[in-house]
Amino acid sequence: METFTLYREHLGQFLDVCQEQFRVQIPVSAGDGRYRFSPLAGHGVEALALEYHRTLLPPKKYFLLPEETICTFDQKGYHPVEVAEEPFLLFGLHPCDLHGLRIIDQFFSTPYADSAYQSRRKNALIVGLGCLPDDKCFCATMNTQQIMGGYDLFFWDLGERFYIQVGSEAGHGLIHKAREMFHDVVDEDRQDYLETLYQRRHLLTPKVDVADLSQIMEANPDCAVWDELGAACFACGACTMVCPTCTCYDIFDRVELDGSGRRCRQWDSCLFRDFDRIAGEVHFRSDRSDRVKNRFFHKEVVHVKQHQRSACVGCGRCQEACPAGIDVVSVLSRVHASCA
Amino acid sequence: MNVLLPLSAHMVHHRKLAQDVALFQLQLDDPFAIGPSGENHRPGQFVMLSVPGVGEAPFSICHAAHIDYLELCIRRTGSVTRRLFELGENTLVGLRGPFGNGFPMEKMVGKDVLLIAGGLGLAPLRSVLQYVLQHRESYGRLILVYGMGRQAEALFREDLEYWIDSTKLDVCLAVEHPAPKDLFPADTGHVGMVLERLELTADNTVAAICGPPVMYGPVAKILRSKRLYPENVFFSFERRMECGIGHCGHCAISCRSTCQDGPVFSAWEARSLGEPLEV
Ligand SMILES: Cc1cc2nc3c(=O)[nH]c(=O)nc-3n(C[C@H](O)[C@H](O)[C@H](O)COP(=O)(O)OP(=O)(O)OC[C@H]3O[C@@H](n4cnc5c(N)ncnc54)[C@H](O)[C@@H]3O)c2cc1C
Ligand code: SF4
Ligand code: SF4
Ligand code: FES
């Protein structure tokens, strides 16, 4: 693994160099202790929130846009639209978001490639950033505190300097453009990096026992938890919008007066009542409890069977967004307790 | 290639089959385009049909692959279908597909084929029926059980006449409300009653079923009592579909996408997905 260090005071300069080639996106404060990914160009490097825990919306917003045009139509037929994207760079993704991105990368490549998603994805460089957990993080429960690739560069904040891992040729290309700012790693850097890892590891302890979780959920599908959640949930869909691995979308037409128009897609939520409605006003999950349960089953049972891992990366966004205060950790621990 | 982009196509002809049901003939504008041409699908597959400005909806292809246009049998029910019925001939539409697994014709080779249709469910099963007739020597007996409320609702009347007269298959109609002027010989009641009295070779019969969801439970129960193997009984499922490619999430049943892994599931698969079927 190729590694470098960069002094803190050079970070701004480095990002400026990146901006010559990429639209750089960074985490910035959104007030009230909240954060969002936003263009560096509109904020300046002073706005970079290196201490952030989670952004309101996950990085998926750059690849599966909240709303986008699939194609246009007029009297002559349906016409493709160009996904004309300049290359961009996402700075500061935490390990849980790298896992989330990997999950949806895989999702949007099978059984067909989603061409819009994939072309944006190919255009993006990813820079990871090491982190320490807050009270809502539960990556250590979902085993997503581990960094398993999926980045071009990864930054560890060691105080007056960053310890940087290069994960790809494109990542090396970035360093190369500003080579004079970067220093080779010496023993002291390595020691500090290992010390940081050590401290982080001790803050990252599992919050719930998830052993046998999917087996317990399957064996106990009528667990009282689902009815209780159904009664509490407002079916607002916020949890799915903010989730880095929720990918459902809706397709619809927007029409102009002359009959031409655009076919669009928009984020959708399996918590919405009409999500599965078919002709004849038939629903398959008309109870809210069925829909909440379906969301948890999809993350913790279905995805485990299909991909040998949970689809929840433990980012804590849904808890922060939920007006009913529903949080995954306590749901999972109550489900798990049904088998105590 | 963008799989969500419809291919431009034209509705070349439509004719009424019954009250609020019509047969639509469609043709892709580009004869070389890779898309639902009417010649390249498996029985039981479906297409996504777009009406510009209104939207898109899934419809089963109602014939076996052999003609150079596409035929869909469509009921008027909501926004897309209502607009479709208003369109004149030679108007622009969009097509994507064909999608879905279709019925497993290979698994039926050498076996008796029992088709159980309720109402509009005849549309996808007509493609299976035509396929079996095209490859008649590869299959055993062919039986169609077709249920409807009234005979006035019978779809594909010319076909029915021909099938009833033909020695290549047996046709049993189940009509809930008979009327004095009814054309076709039929039992009074629902498909279940007809099924009860059918003599089937349990270990050599494959069943394909499509109809309203209320039909599936009772039919599964009868076929089980007749000792058909649950892995030889195939249901076509209807779910809300938006993308057809396994991504939008609308059609998910437990861990499967109805649009990609289905719409046809064996009775065993369907039950393991949580459908209330006895197998
Ligand atoms: C694999 C598959 C194959 C199919 N094959 C066929 C076939 O061969 N032939 C066929 O006719 N059909 C078939 N269908 C069913 C067909 O897809 C539906 O009838 C079609 O989607 C209806 O589309 P629509 O836009 O006309 O109705 P929609 O506008 O979607 O409306 C459907 C119903 O819901 C009501 N409704 C509309 N909007 C709302 C709303 N916002 N909230 C509440 N209620 C609303 C309408 O009044 C209507 O009764 C198939 C379905 C599947 C999944
Ligand atoms: S379910 Fe909640 S905690 Fe898990 S990945 Fe989605 S938003 Fe994050
Ligand atoms: S955010 Fe909370 S209230 Fe809203 S749909 Fe999700 S679980 Fe229900
Ligand atoms: S229709 Fe979109 S996933 Fe099946």
Return the subset of A:Lys293/B:Lys226; A:Lys136/A:Lys293; A:Lys299/B:Lys221; A:Lys136/A:Lys305; A:Lys207/A:Lys305; A:Lys122/A:Lys177 for which the Cα-Cα distance in this structure is over 28 Å, preserving the input order. A:Lys293/B:Lys226; A:Lys299/B:Lys221
Treating only Lys and Arg (+1) and Asp and Glu (-1) as charged, each at its beta carbon, one finds that chain A has a dipole about its Cα centre, in Debye to the nearest 20, of 700 debye
Calc'd 3J(HN,Hα), the stretch A:265-273, phi into Karplus 6.51 cos²θ - 1.76 cosθ + 1.60 (θ = phi - 60°), Hz, glycine/Pro = x, comes to 10, 8, 4, 10, 9, 5, 7, 6, 5
Count neighbours as other Cβ atoms within 10 Å of each site's Cβ, and list the chymotrypsin sites (Phe, Trp or Tyr not before Pro) in the stretch A:234-340 that are DSSP loop with at most 15 such neighbours. A:Phe234
What span do the alpha-carbon atoms of chain B cover on each of the three principal axes, reported in whole Å from largest to smallest? 49, 47, 35
Taking chain A and counting helices only, DSSP H stretches of n ≥ 4 at -39,500 (n - 2.57) each over all residues, the nearest-500 ellipticity at 222 nm comes to -9000 deg cm²/dmol
Note down the Stokes-Einstein diffusion coefficient of the stretch A:189-327 in µm²/s, whole number, using a Kirkwood radius over alpha carbon pairs, 4 °C, and 1.567 mPa s. 72 µm²/s
List for the stretch B:52-66: residues with 50 Å² or greater reduction in accessible area, all protein chains versus chain alone, probe 1.4 Å? B:Gly53
Estimated buried accessible area (total), pair B and A, 1.4 Å, Å² to nearest 100: 2900 Å²
In Å², what does the accessible area per residue of chain A work out to with a 1.4 Å probe? 45 Å²
Could you give the accessible area per residue of the stretch B:7-99, probe 1.4 Å, as a whole number in Å²? 40 Å²
Can you give me the three principal axis dimensions of chain A from its C-alpha atoms, in Å, biggest first? 68, 64, 38
Compactness summary of the stretch B:105-270: radius of gyration and Dmax from Cα atoms, Å, are 16.0, 50
Report the extension gain between A:Thr3 and A:Thr205 in nm, rounded to one decimal, defined as 0.36 nm multiplied by the number of residues separating them, less their alpha carbon distance. 70.0 nm
Quick one: net charge of A:Cys131's neighbours, Cβ under 12 Å, K/R +1, D/E -1? -2
Share of accessible surface on carbon and sulfur in chain B, whole %, 1.4 Å probe and ligands ignored, is 50 percent
Once B:Lys16 and B:Phe184 are pulled to full extension, the length gained, defined as 0.36 nm per residue separation minus their Cα-Cα distance, is 58.6 nm
³J(HN,Hα) across the stretch A:150-160 via Karplus (A = 6.51, B = -1.76, C = 1.60, θ = phi - 60°), whole Hz, x for Gly/Pro? x, 10, 8, 9, 10, 9, 10, 7, 9, x, 7
Test assert for the stretch A:292-320: residues whose accessible surface shrinks by at least 20 Å² between chain alone and all chains, 1.4 Å probe, equal A:Val302, A:Gln306
Once Lys and Arg are counted +1 and Asp and Glu -1 for all other residues with Cβ under 12 Å from that of A:Ala311, the total becomes +4
From the C-alpha gyration tensor of the protein assembly as shown, square roots of 5λ in Å: 53, 28, 20
Positive-end extreme of charge dipole, chain B - chosen from B:Leu23, B:Gly55, B:Gly189 (charges on Cβ): B:Gly189
Summarise the accessible area of the stretch A:213-339 (1.4 Å probe, protein heavy atoms) by the percent that is carbon and sulfur. 51 percent
Residues of the stretch A:233-252 that become at least 20 Å² less accessible with every protein chain present than in their own chain isolated, using 1.4 Å: which are they? A:Cys248, A:Tyr249, A:Asp250, A:Ile251
B:Ser138 and A:Glu256 label points (each 7 Å along its Cα→Cβ direction) are spaced in nm at 4.9 nm
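The values are calculated or read from the model by the stated rules, or taken from the named source; none is laboratory data. None of these values were measured; they are calculated from a predicted model. Backbone-built Cβ (ideal geometry, glycine too); neighbour counts: all protein chains shown. These accessible areas exclude ligands, DNA and RNA; they are computed on the full protein's heavy atoms, side chains included. Shrake-Rupley method; radii C 1.70, N 1.55, O 1.52, S 1.80 Å.
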